[in-house]
Amino acid sequence: MTSMLIRGGAAVVLAGLAVLAPTAAYADASVRADAATVQETRAFTGFAYENSPKEAKREAEKRARQNALISGFLNEQCVLLYANSTRLAPGYYAGDAAISCTR
C-alpha cells in the first residue's frame, strides 16, 4: 500500500514537471530571442502569361514579390529562387517564378 502511494506521488510530481517544462522552455527561448532575433522564412510564387519569355519571367517574379509585399516582406529581404518560361503557342509564353523571403 505504501509503495502504491509513493508511485502515485511520483507520478503526480512528474506530471507537474511535465506541465511546467514547456513553460520553462518557452521562457528560455524568449531570453535567447532577445540576444539573437528569431527569423521567419517563407516562399512565394508568381505566374504570368506574356508575349516573350523574358516578359513572362519578369512578370512572374514581379507578382511573387507583390505577394511577399502583401505579407509584410521588403524587397531587400527576398531572393529569387528560380524563374522559368514555357512556350505555349507562337508568341505566347507562360512564366513562373519563386522567391524566398527572410525577416
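Local charge sum around residue 102 (other residues, Cβ-Cβ under 15 Å, Lys/Arg +1, Asp/Glu -1)?
+1
At residue 49 and residue 92, where each label point lies 7 Å from the Cα along Cα→Cβ, what is the point-to-point distance in nanometres?
Output for this residue pair reads 0.6 nm.
Net charge within 12 Å of residue 59 by Cβ-Cβ distance, Lys/Arg positive one each and Asp/Glu negative one each, not counting residue 59 itself?
Once positives and negatives cancel, what remains is +2.
Throughout, read-outs are computed from the coordinates displayed, never taken from laboratory work. All values derive from a computational prediction rather than experimental measurement. Here the Cβ is made from the backbone with ideal geometry for all residues, glycine too, and neighbour counts use every protein chain on show.
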